[in-house]
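Asker: Take a look at this one; I'll ask things after.
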Amino acid sequence: MSGRVIAIEDSAYTSLKAYLESLHQYFAQEEGHDEILNDIESRIAELMDERIHRGSQAITAGDIESIIASIGRVEDFAAADEEPGNTHKQWDNQGGASTTSTKNKRFYRDVNDKIAGGVCSGLAAYLNLDPALVRIVFAILALGGIGSGILLYIILWIFVPAAPLERYKGRRLFRDADDKWIGGVCSGIARYFDKEPWIFRLIFAAPFLLSMFSGTIGFLIGTSFIFGSFTGTFILIYLVLWIVLPIATTDFEKMEMRGEKVDLRSIRNNVMADIKDRTSSFGAEVSESASRISGDARNFISTRGRSFAQEAREAGKPIAARGGHVIGSLLKYFLLFIGIMIAFSLFMVLISYSFGGFSGIFNNFILRSPGQRTLGWATIILFFGVPLIGLVTLMVRRALRIRTGGKYFGMGYSILWIGGWICLVALIAQVSQEFGPREIVTQNMPITQPVNGNLYITVPDPGIEYSNSLPFLKGDISGWDINRDIMKSAGVMVLPSLSPDSQYHVIVKRSAMGSSAKEATDRASHISYGLHNRSDSVLALDNGYTITAAEGYRVQQVVVEIQVPLGKHITFDGSVYEKLESFNLNPIHFNHNHKRRNQWAVGWSHHSDDWDMNWETPVNSWKPGIVYTMTAGGELMDAAANTVSSHLNGNYHRDSTHRVMDSLEQSIDRIQERKDRLEESEEDD
Amino acid sequence: MNIDNTQSQMRKGIHEFCILSIIRQGEAYPSDIVEKMRAANLSILEGTLYPLLTRLKNAGMLSYRWVESNSGPPRKYFSLSTEGETFYKELFTTWQELSTAVNLLTQAS
């Protein structure tokens, strides 16, 4: 010390050294600081000498303490020395350049680690937490608490001073850049908790997947509400995390991400211990800073306002960039999501087509030539299969992060898919050509005239039921049956009309479409439908018509026209209603004009106004078991002189009203009867 | 408001003048100056004194000489220079004006 050797104890030496160091730092900016330090050192040496001379063997820590006290501590200089023109460093009571003690830490905004204003990271440094967690809390407050989080943040941004703070040391929540499917959120969380990423991916995706599969094939329509709202929440949480959490790119960050073992208890312990220390000192600091603020208010606001505006402007750019990046990625993944949906539906079509018997039906009954069948398969593969494979490949590559050769994939698939479009168009063209003109074949069936003037119509054979012969189609379907070779339909229309003469006639009309008139005619005539007399007054109709696969389905129709002479009768058995037209593939209602009765062939054209698709059943408006009389107008009249239209046109509605009225009347009659019976029995008693 | 701050501010303003007065009375070394200040009830820290002396010296108001001592390291003995003397005289005038003003104001209340 000053060129002299003085005996000194170790602990004393340490404090002396620290003191000299603090002096050195304090006076570093001062002009002539070397001289000052020399002077002070000399003084210290002098004081130490005194003590030695007084009899001490060595300088003790206590000696040093009193020496330091007499010369003065650095903090005391600073307090006494606060005035402009001093070139000392601003030296506050906390000893900024010396090691910060946890007991006296203040709440600053962290300049070194800020996304917007460093509020969250500053608060995190104060609480000794991972800044990402504080950001999450703020984000939740901002989004969920009616924006109160945003207001709080801005207030803190303005009023809390900024300082460069030390980086948070501890386990941090990052997004994992090495193992990211979408944003790396799930794997980051997984690393933090030392678990496998798929657990968290499952958690995040669970509501979405559940809502997708909770309906059956019609998941697009039948999304359950509960799962749907959870889906939205989870997606929102994921987005928030994506924006807020930093991504671990450097090795150091990755180490931080994996950190030492962390569990919630230790986090809580850390936070609690620190908070207890700080709440008391923080309270004192708050009152002190509050009084200081009120003193400097005007000056503070003007400078602060300016710097805040500038900071906000600067912060806005990276936030916008980051937000833009997130939105861009979002769009990308939204499109990907749409792609997945399309792929899924294509997949379902593919599945149902190939593995169900649907292909059987399509191939057998609609496509007839081998060329068409090949075209059909090509269409399926190229039009449906290729985009499906393409999308799946795309997703797999994305997930595995394969980047090579993407260009050729895209081109190849596109070309194949265009091929699929061509096949599809060709197929449609071919098939619609098959459904060309419609031809009708009429056949006059020989029947015996009923002697009692009443023809009884019945269908003796059992009604057609679906025999469940197709693997994919199951169910109770009546009036229609199909297997690989044969299709049967009970869609036979029975129409009574006025006979041109005094005889009963039965005419069976068969119609079908074809690629040409001749083909249509052939096909129509190949429809098998028959009827026969059971007795002279009972006419039995076939339960349905049959088409072979060889013929192919071409919207075949069968109409049985029964011509009843004027004033003669006709009765329909219940079986007619039960067994015929209970499942009518394509009921045709055509406007039947009396005058054109003999020109039905013309009426059977395929003008769209003649094709009136009506799915209502029953089509007939007459009732079983009633003896109807043919009127001059071609309508059937029952015993009560109610007319029932025998042709189906706009009068249908009137007839149905009649039907309702009739059934109401019947009900009223029955109630009346019962009432009468009750009264009778009461009288008897 | 912190009274200590105000008080130290008041004292700080007068330190220079007092130190110059002491040195004017005779050559003095720092710890001597500190003792005299303390005796006059205007204590000052040595850590504050040393920089002040150095500043004054660098400004040419003071000069010093080294004096060897038998008990300890050599000491700096400060004395007032001619510029320092002029400086002091002006400060003395200021002080007189100040004290008159303050006395007037305090008596009025």
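No lab work stands behind these numbers, since they all come straight from the coordinates. The shown structure was predicted, so the numbers you read here are calculated from the model rather than taken from an experiment. Positions of Cβ are generated from backbone atoms using ideal geometry, with glycine treated the same way; all protein chains shown enter the neighbour counts.
Asker: Residues with amide H under 5 Å of residue B:29's amide H, sequence separation 5 or more or different chain, H placed in the peptide plane at 1.01 Å from N; which?
Answerer: Long-range HN contacts for residue B:29: B:78.
Asker: Same structure again: Could the peptides A:6-12, A:484-490, A:676-682 be put in order, highest first, of the mean number of other beta-carbon atoms found within 10 Å of their residues?
Answerer: A:484-490, A:6-12, A:676-682
Asker: Sticking with this one: Consider a paramagnetic label point 7 Å from the Cα of residue A:31 along Cα→Cβ; state which residues of segment B:30-70 have an amide N under 16 Å from it.
Answerer: The answer is B:51-63, whose backbone nitrogens lie closer than 16 Å to the label point.
Asker: Moving on. Sequence-distant or interchain residues sharing an amide H contact under 5 Å with residue A:162, placed H: which?
Answerer: Amide H neighbours of residue A:162, under 5 Å, 5+ apart: A:109.
Asker: May I pose another question? Counting only residues 5 or more places away or on other chains, whose amide H sits under 5 Å from the amide H of residue A:626 once H atoms are built in the peptide plane?
Answerer: Answer set, sorted by chain and number: A:572.
Asker: To continue, here is another question. Take the eigenvalues of the Cα gyration tensor for segment A:10-80, scale each by 5, and report the square roots as semi-axes in whole Å, largest first.
Answerer: After diagonalising the Cα gyration tensor, the semi-axes are 23, 13, 11 Å.
Asker: Please turn the phi angles of segment A:182-190 into ³J(HN,Hα) values with the Karplus equation 6.51 cos²θ - 1.76 cosθ + 1.60 (θ = phi - 60°), one per residue in order, whole Hz, x for glycine and proline.
Answerer: 10, x, x, 5, 5, 6, x, 4, 4
Asker: Hey, if you put +1 on the Cβ of every Lys and Arg and -1 on every Asp and Glu Cβ in segment A:1-79, which of A:68, A:37, A:57 ends up farthest toward the positive end of that dipole?
Answerer: A:57
Asker: What is the mean number of Cβ atoms from other protein chains located within 10 Å of the Cβ atom of each residue in peptide A:49-61, rounded to a whole number?
Answerer: Taking the mean over all residues of the peptide, I get 1.
Asker: If every alpha-carbon in segment A:486-583 counts as one equal scatterer, what log10 I(q)/I(0) does Debye give at q = 0.11 1/Å?
Answerer: For segment A:486-583 at q = 0.11 Å⁻¹, log10 I(q)/I(0) is -0.37.
Asker: Could you derive backbone 3J(HN,Hα) for segment A:332-345 from the dihedral phi with the Karplus parameters 6.51, -1.76 and 1.60 (θ = phi - 60°), listing whole Hz in sequence and x where the residue is Gly or Pro?
Answerer: Karplus-based 3J(HN,Hα) across segment A:332-345 equals 4, 7, 5, 4, 4, 4, 4, x, 5, 4, 4, 4, 5, 5 Hz.
Asker: Right, another one. Report, as an integer, the average count of C-beta atoms from other chains found within 10 Å of each Cβ along A:22-34.
Answerer: 2
Asker: Convert each backbone phi in segment B:91-106 into a coupling constant with the Karplus relation 6.51 cos²θ - 1.76 cosθ + 1.60 (shift: θ = phi - 60°), then list the ³J(HN,Hα) values in order as whole Hz, x for Gly and Pro.
Answerer: Whole-Hz 3J(HN,Hα) from phi for segment B:91-106: 4, 5, 4, 4, 4, 5, 4, 4, 5, 4, 4, 5, 4, 4, 5, 6.
Asker: So if we plug the beta-carbon distance of residue B:92 and residue A:325 into 1/(1 + (r/R0)^6) with R0 = 60 Å, what FRET efficiency do we get, rounded to 0.05?
Answerer: 0.25
Asker: Let me ask something else about it. Just checking the output field for A:533-544: average partner chain Cβ neighbours within 10 Å of each residue's Cβ?
Answerer: Rounded to a whole number, the mean comes out at 0.
Asker: Going by how many other beta carbons lie within 10 Å of each one, how would you line up A:245, A:375, fewest first?
Answerer: Listing A:245, A:375 from fewest to most nearby Cβ atoms yields A:375, A:245.
Asker: In nm, to one decimal, how far is the residue A:336 label point from the residue A:517 one, both placed 7 Å along Cα→Cβ?
Answerer: 6.1 nm
Asker: Given the convex hull over the Cα atoms of chain B, what projected area results after averaging over all orientations, in nm²?
Answerer: Hull-based average projected area comes out at 8.5 nm².
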